[in-house]
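The values are calculated or read from the model by the stated rules, or taken from the named source; none is laboratory data. It should be emphasised that the depicted structure is a prediction, and the values quoted were computed from it without experimental measurement. Cβ coordinates were reconstructed from backbone atoms using ideal geometry, including for glycine residues, and neighbour counts include every protein chain displayed.
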Amino acid sequence: MRAGWIFAAALALGLTAYERDSVDAWIAATRLPILQVAVGTEILDRNGEVLRAYTTAGGRWRLGVDLGDVDPDFVAGLIAYEDGRFYTHHGVDLRALLRAGAQAAWNGRVVSGASTLTMQVARLLEGSGTGQVAGKWRQMRLALALERKLSKSEILQLYLNIAPYGGNLEGIRAATLAYFGKEPRRLTPAEIALLIALPQSPEARRPDRAPDAATAARTRVLARLVRDGLISADEAAAAQREAAPRARAPFPALAPHLSDSLRITNSGARQVQSTLDKPLQISLESLALETVSNIGAQVQIAIVVANHASGEVIASVGSAAYRADGRAGFVDMTTARRSPGSTLKPLIYGLAFDEGLGHPETLIDDRPTDFGGYRPQNFDRHFRGKLRMRSALQQSLNIPVVALTQALGPDKLLSALSRAGAQYDLPSGQAGLAIALGGIGVSLHDLVQLYAGIARGGVALPLTATPNAQGSGQRILSRAAAWQVGDILAGLPPPAGAPANRLAYKTGTSYGNRDAWAIGYDGAHVVGVWIGRPDGTPMPGALGADLAAPVLFSAFARIKPQLTPQPPAPPETLLVAGDQLPEPLREFRARGAAFDAKLGAPKLIFPPDGAEVELMKSGLLLRIEGGTAPYTIMANNAPLQAGLTAPEVMISTLTAGFVTLSVIDAQGRSTQSRIRLRNP
């Protein structure tokens with residue numbers, strides 16, 4: 001106590017010019033600590049709302065705040081309670097020092113403190129103690145130096161960023177987010193009083209651990225605020241009835257995987273603006289949790305939503321929960337490369353339309369075919385015979401799309417993926433026809449980017465999660481081909497229970513039921529959904545149409561109440577029926593194929609094409625000549641019998657009327673007869 005008296009008396013004494021100069025030089029020579037306070041990075045949504053906050057390197061929750069972003073009533077109350085002459089002293093309040101010293105000498109103990117807000121900032125910056133004489137001298141010297149270096153507003157802002165609020169909470173923003181779940185822009189009198197009281201004894205008054213002590217301290221501050229005329233007695237009474245927080249709220253942790261990436265990319269930034277929409281992100285993270293809770297303990301989900309006109313990502317769910325659990329929630333499944341199943345088929349058809357290999361109304365064969373030793377099967381192991389390309393894509397048939405890939409060449413598909421900005425893995429090291437059916441590794445992010453390019457009229461732009469000016473992009477399809485693909489996909493029926501609409505979408509299931517996909521778009525947004533196990537093990541019975549498609553439709557419902565219509569067809573689009581197409585487009589033929597490609601194909605000797613035949617009681621006898629057994633018999637593109645080895649077969653399931661009979665041999669060669677059946 002005596003040392004404090006000596007110091008206070010020394011300041012009160014008049015000093016000579018030499019002594020004043022010496023004091024001035026002493027203050028000027030003060031070594032200042034680093035005044036740039038380290039704060040945790042914040043990832044913001046498109047409207048400036050916090051998506052995710054990070055601690056400092058030392059594990060402190062210290063989030064940067066500007067003085068103008070803090071409730072002015074809190075600032076006024078803080079100054080009145082802690083340092084009433086803040087705006088008139090130069091860092092040290094001589095009157096307060098004299099008063100504190102006199103009270104201590106009279107009572108034999110410390111009755112009131114004399115630390116100014118500037119001295120508290122000095123102590124917090126250096127971490128010096130509060131009770132030692134040497135520490136007090138250093139705080140006063142540093143406070144005097146700080147007042148020369150900084151404005152009063154800058155000193156206040158420093159205090160608001162580093163004041164302790166219990167545990168690892170530092171600064172007013174960390175405190176209001178943790179205790180009240182809100183920013184410090186508007187605070188109630190009860191909240192203001194608690195926040196003023198906490199830094200004086202942050203551990204003893206922590207409301208989450210010592211609620212009674214916190215409430216008592218709040219009461220004392222409220223009484224002072226009433227005394228100083230900052231609030232009324234009625235406001236104080238209402239504040240007393242307001243429950244004090246008894247637990248800390250979690251800090252925002254939305255879009256954790258994407259936030260981690262943005263933080264790394266923008267290392268050192270206090271705040272990183274993103275294109276995400278916080279309410280939608282919250283909604284889709286909830287949807288992801290709901291989805292996997294009904295599937296299995298090791299099943300995970302990922303969702304990406306983008307505005308396809310700008311390429312801006314507005315929601316990104318890397319997993320259903322960001323934790324180390326059986327679902328491997330720390331793995332960002334939006335960037336993991338997995339087999340895309342059938343989701344590349346729309347691109348293949350679009351490329352074929354551009355190459356003049358077909359049109360949505362072009363006929364194409366779905367029949368057993370050997371592609372140089374590669375013999376793909378349809379999912380249901382049935383063949384539909386001749387059908388329109390539109391139907392072949394909508395039914396996601398495998399034989400037609402492999403035939404188109406063979407005609408295009410696999411490298412053309414890979415080139416289109418590269419122009420779309422998609423990165424891919426080739427398991428075999430080289431491109432084969434199997435890439436049409438998922439024999440390649442592509443990420444959900446890149447598939448959404450690809451579909452965004454199709455939705456944008458065939459021009460691909462990189463998806464972006466930060467606001468920036470996009471370039472012109474690269475064309476992957478012509479406008480007409482992109483529109484034709486979208487028109488085909490918009491004709492798919494929605495999953496059971498989903499609203500009937502014109503959402504252009506495609507599902508996919510990878511080999512062994514390891515990955516379930518659904519990707520779709522309307523006139524404004526594109527959404528991609530992946531469901532699977534991060535370790536790549538199978539999910540028996542899991543299909544994209546059953547698992548991922550309902551989530552896709554639910555995601556669109558959460559984006560907006562109604563879909564944005566698809567644009568009209570570009571003027572250059574050929575909109576005609578199949579029989580009005582130019583002759584080369586009426587039926588698909590691979591480039592380089594001779595028009596006599598069907599030499600050696602089976603022939604339907606009976607009934608011949610154009611015949612009118614009377615049905616016998618036992619049915620209709622078919623006679624086949626040539627070709628290679630076994631044969632598949634189809635009627636009106638529906639399979640009747642497969643694995644036939646004899647050249648004759650009796651078909652008993654036909655009824656009267658016109659029917660197109662097809663015979664497909666083991667080499668994929670076929671013949672047709674259109675006949676009329678009549679009853680006897």
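Assorted remarks:
- Pairs are defined by a Cβ separation below 6 Å, a sequence spacing of at least 6 or placement on different chains, a first member in the stretch 382-406 that is outside the structural domain of Ser673 (by TED's automatic domain parsing), and a second member that is among the acidic types (Asp, Glu) and outside any strand (DSSP E or B); the pairs so defined are Arg388/Glu361.
- Tyr322 being under 20 Å from Gly453 (Cα atoms) and of a type in the set (Phe, Trp, Tyr): no
- Some residue of the stretch 318-330 being surrounded by fewer than 21 Cβ atoms within 10 Å (Cβ to Cβ) and within 27 Å of Pro561 (Cα to Cα): yes
- Pairing each residue of the stretch 445-466 that is over 17 Å from Ala315 (Cα atoms) with any residue that is outside any helix (DSSP H, G or I) and of a type in the set (Phe, Trp, Tyr), provided the two are 6+ apart or on different chains, yields C-beta distances under 7 Å for Ala455/Tyr521.
- Qualifying residue in the stretch 258-268 (condition: within 14 Å of Asp45 (Cα to Cα), in contact with a Lys or Arg (Cβ under 6 Å, 6 or more places away or on another chain), surrounded by 22 or more Cβ atoms within 10 Å (Cβ to Cβ) and not hydrophobic (A, V, I, L, M, F, W, C)): yes
- Any hit, the stretch 470-493, residues being within 30 Å of Ala328 (Cα to Cα) and not β-branched (Val, Ile, Thr): no
Here is a yes/no grid of residues against (1) closer than 30 Å to Ala465 by Cβ; (2) assigned to a loop (DSSP other than H, G, I, E, B):
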| residue | (1), (2) |
| --- | --- |
| Ala175 | yes, no |
| Glu191 | no, no |
| Arg205 | no, yes |
| Gly229 | no, yes |
| Asp234 | no, no |
| Ala238 | no, no |
| Ala249 | yes, yes |
| Arg263 | yes, no |
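- Cβ separations smaller than 7 Å between residues 6+ apart or across chains give the following pairs from the stretch 662-680 residues that are at positive phi to residues that are surrounded by fewer than 20 Cβ atoms within 10 Å (Cβ to Cβ) and not in a strand (DSSP E or B): Gly668/Asp370.
- The criterion of being surrounded by 23 or more Cβ atoms within 10 Å (Cβ to Cβ) and of a type outside the set (Phe, Trp, Tyr) holds for Leu393.
- Sole residue being more than 30 Å from Gly627 (Cα to Cα) and not in a helix (DSSP H, G or I), chosen from Gly610, Gly600, Gly541: Gly541
- Any pair with Cβ under 6 angstrom, 6 or more apart, that starts in the stretch 165-181 at a residue that is without any contact (Cβ under 8 Å) to a residue 24 or more places away in the chain and ends at one that is not aliphatic (A, V, I, L, M): Ala175/Tyr165; Thr176/Lys182; Thr176/Pro184
- Qualifying position, being assigned by TED's automatic domain parsing to the domain that holds Val527 and part of a helix (DSSP H, G or I), among Ala352, Ala288: Ala352
- So Arg246, is it of a type in the set (D, E, K, R) and in contact with a Leu (Cβ under 6 Å, 6 or more places away or on another chain): no
- Residue among Leu363, Leu357 that alone is closer than 30 Å to Gln672 by Cβ and in contact with a helix residue (DSSP H, G or I) (Cβ under 6 Å, 6 or more places away or on another chain): Leu357
- Top-ranked residue in the stretch 1-37 [being over 20 Å from Leu142 (Cα atoms) and in a loop (DSSP other than H, G, I, E, B); ranked as modelled with the highest pLDDT]: Thr16
- For the stretch 65-85, filtered to residues that are at pLDDT below 95 and not acidic (Asp, Glu), the residue that is farthest from the chain's Cα centre (by Cα) is Arg85.
- Of Gly453, Gly528, Gly508, all but one fail to be in contact with a Lys or Arg (Cβ under 9 Å, 6 or more places away or on another chain), small (Gly, Ala, Ser), assigned to a strand (DSSP E or B) and buried (at least 24 other Cβ atoms within 10 Å of the Cβ); the exception is Gly508.
- The stretch 604-627, residues that are surrounded by fewer than 17 Cβ atoms within 10 Å (Cβ to Cβ) and either of a type in the set (D, E, K, R) or free of Cβ contacts under 8 Å to residues at least 40 places away in the same chain (or both): Ile605, Phe606, Asp609, Glu612, Glu614, Lys617, Ser618, Gly619, Leu621, Arg623, Glu625, Gly626
- Test: Trp530 is among the hydrophobic types (A, V, I, L, M, F, W, C), assigned by TED's automatic domain parsing to the domain that holds Leu447 and under 16 Å from Gln449 (Cβ atoms): yes
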